[in-house]
1. Just to be sure I understand, how many residues within the stretch 198-225 are more than 28 Å from residue 91 (Cα to Cα) and small (Gly, Ala, Ser)?
2. Say whether the condition of being assigned to a strand (DSSP E or B), free of Cβ contacts under 8 Å to residues at least 60 places away in the same chain, in contact with a His (Cβ under 8 Å, 6 or more places away or on another chain) and loosely packed, with under 12 Cβ neighbours inside 10 Å is met by at least one residue in the stretch 134-146.
3. For residue 48, are the conditions met, namely being at pLDDT below 90 and surrounded by 10 or more Cβ atoms within 10 Å (Cβ to Cβ)?
4. Could you grab me the full set of residues in the stretch 179-197 that are surrounded by fewer than 14 Cβ atoms within 10 Å (Cβ to Cβ) and under 9 Å from residue 95 (Cα atoms)?
5. List pairs: first residue in the stretch 62-74 and more than 15 Å from residue 218 (Cα to Cα), second residue of a type in the set (Lys, Arg) anywhere in the structure, Cβ distance under 8 angstrom, at least six positions apart or on different chains.
6. Whether any residue in the stretch 214-229 is loosely packed, with under 12 Cβ neighbours inside 10 Å and part of a loop (DSSP other than H, G, I, E, B) is what I want to check.
7. Restricted to the stretch 104-127, and to residues that are within 22 Å of the chain's Cα centre (by Cα) and either within 27 Å of residue 178 (Cβ to Cβ) or aromatic (Phe, Trp, Tyr) (or both), which residue is surrounded by the fewest Cβ atoms within 10 Å (Cβ to Cβ)?
Amino acid sequence: MHAILAGVQECSFRIIEEGLEVEFIARCRPPGNVSLLVREGPEKSLPKLGYAAESRVLLRATTSGRQLIGGFYLAIREFARSPLYRNDQWERESLADRFRSLVPMMNDGQLIQHLASLSRDELAKEVFKAAASHWVHFPDAHDEKAEFTRAIDYFLDPENPVTSAGMYQEPDEWDVPKEYDDWSLEQKTECVYQLLREPVNSWMGDKLVELTSPTIEHYLCLCANVADH
């Protein structure tokens, strides 16, 4: 959207999911119009895995730059605030994010100050309580391959008593340096700060609700003012 605003003649981006990719291609057409092509096809890095070789056009249209940018931007903003958007299936969550949800009455400074005042063992326990993780073991599996297969079965269906039969979970403790208790408060504070930046889930997506653009909003506001007059 910023590229279109800047007058770039052609720009594109791709979304890759489940072996397929959707490509959006925008070309600027004077005066102030944009032609849009949206097509779907096999992911280019997977050309020989049985997917159809041809791509298909999902949308071909020409519209004004204001309509295209406004439509995309406002739809993304609306989707980010809707119940259809599952941030827990996309967004990266840091340890700091997890603590913010657990103790919203604390600001970041108070949280860091509190955690830095704890001993090494106390800090490890507090962090583990906030973001516990475990290694999964199946001692009765006859070899490593069988144990791996059973672990996958469990993660795919953790509520099923069959997949969890014979399993035990080993706590995966957070790594706090052994010499932590001998450090200065400044060193402890830096260590806590770095811990809080660590991810606690497997997703790496941005926080969609925070993806805003003052440049685009200013442009849309100017367009609306011009239209009103």
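1. The number of residues fulfilling the criteria is 1.
2. Residues of the stretch 134-146 that are assigned to a strand (DSSP E or B), as a first pass: 134-137.
Applying the additional criterion that residues be free of Cβ contacts under 8 Å to residues at least 60 places away in the same chain yields 134-137.
If we keep only those that are in contact with a His (Cβ under 8 Å, 6 or more places away or on another chain) too, we end up with none.
No.
3. Working: at pLDDT below 90: yes; surrounded by 10 or more Cβ atoms within 10 Å (Cβ to Cβ): no.
No; evaluated as a whole, the condition is false for this residue.
4. Listed by number, the list holds a single entry, 197.
5. Close Cβ pairs (under 8 Å, with a partner that is of a type in the set (Lys, Arg)) amount to 62/29.
6. Yes - at least one qualifying residue is present in the stretch 214-229.
7. Our first condition is that a residue be within 22 Å of the chain's Cα centre (by Cα); within the stretch 104-127, this holds for 104, 108, 127.
Subsequent filtering for residues that are either within 27 Å of residue 178 (Cβ to Cβ) or aromatic (Phe, Trp, Tyr) (or both) retains 108, 127.
Values: 108: 12, 127: 24.
Top of the filtered list is 108.
Rundown of residues vs (1) assigned by TED's automatic domain parsing to the domain that holds residue 6; (2) in contact (Cβ under 8 Å) with a residue 40 or more places away in the chain; (3) outside any helix (DSSP H, G or I), yes/no style:
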residue: 84; (1), (2), (3): yes, no, yes
residue: 110; (1), (2), (3): no, no, no
residue: 114; (1), (2), (3): no, no, no
residue: 123; (1), (2), (3): no, yes, no
residue: 127; (1), (2), (3): no, yes, no
residue: 148; (1), (2), (3): no, no, no
residue: 155; (1), (2), (3): no, no, no
residue: 173; (1), (2), (3): no, yes, yes
residue: 176; (1), (2), (3): no, yes, yes
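The values are calculated or read from the model by the stated rules, or taken from the named source; none is laboratory data. On a predicted model such as this, the values are computed, not experimentally measured, just so you know. All Cβ positions, even for glycine, are placed from backbone atoms using ideal geometry, and neighbour counts span all protein chains on display.
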